[in-house]
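This report concerns only the one structure given below.
The numbers here are math on the coordinates, done by the rules we state, and not lab data. Quick caveat: nothing in here was measured; it's all calculated off a predicted structure. Cβ placement follows ideal geometry from the backbone for every residue including glycine, while neighbour counts extend to all protein chains displayed.
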Amino acid sequence: MKYGLEVQPYDGSQILNNDRVWLFVLTWWCDTLLFCSSSSFRFPFPSAPSVKICSRNDPELSRCFIESINDLKPRLASGKISDDFQIPPMEPLALSSINMDRGAEFKVTFSELLVTGTSKFNIENLTANLETLIFDFNLLLPKLSFKGKYNLKIKLLLLNLAGAGDLKGVFENTRARVKVLWEKYMKNGKEYLRINKLLVRLQIENGRFDMKDLFRGDPVLNQAGNQFINENSRLFLDELTPGLERSLAETFKAMANEIMQRATFDESFPA
């Protein structure tokens, strides 16, 4: 099985020092919860709204992380943190491609995706343990609307579906549970953190799809194909979910480790 996901690239030149990692890690909704709980860098612009800093000695560290994330949520949608500093917006979130290949009977590619609703996430639970270096969090995204392109060839129940064209749809009440296992390592005599393992589990309550040009654009078959997918959306989502989980885990692990190598453990978690 092959999976892959590409997030629209971020210009690393915008990160001029370790202080700005705190803001960069708040760029995407999944990144937000992965990285906020592992980055407490001071905001470099005194004119900007304050960012809550979490000490590793805080007896209520998890609560502090949640408060810090929630304080910044209103600014994440536009990406405008201050007049002096801007990060890529969460609304809409741009995804270059999601590829899922589970053999001859399930090949799907979504591309040029724009997703709205990502900044409306709610943190249901977050646990951070700096002794075991294990972080767990659960979040809810009430509604995600998306549009883009699709290319698929699948067998769902007894029906073979194939097509390529425009796509739009909605996911409702998407819950994600993420578990992050960090590890320490030494570089140039200093201690750093990186992700050793990242697990993502998704539960999408409802999903609706509208795919143009199924069955090479035959209007009758196109309507019937969309109706069949939506009437059997649970089966379709169950097929999609493993690929999404693995793609997200691999992508955000790589992104997080790229970010975390910019700061030492003491800089990430001030005493």
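Tabulated data
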| quantity | calculated |
| --- | --- |
| Cα gyration tensor, the range 157-258 - rounded (a/c under 1.5), prolate or oblate | prolate |
| Per-selection Kirkwood Rh - the range 133-216 (Cα, Å, 1 d.p.) | 16.3 Å |
| Net dipole in debye of the range 104-222 [+1 Lys, Arg Cβ; -1 Asp, Glu Cβ; about Cα centre; nearest 20] | 240 debye |
| Estimated inter-spin distance, N160 and Y185, nm [label 7 Å along Cα→Cβ] | 4.7 nm |
| C-alpha center-to-center spacing [the range 103-133, the range 186-257] in angstrom | 8 Å |
| Cα→Cβ-extended label distance, 7 Å offset, between R175 and N129, nm | 2.2 nm |
| Mean shadow area of the range 196-248 over all directions, Cα convex hull, nm² | 4.2 nm² |
| The range 213-261, dipole about Cα centre (Lys/Arg Cβ +1, Asp/Glu Cβ -1), debye to the nearest 20 | 60 debye |
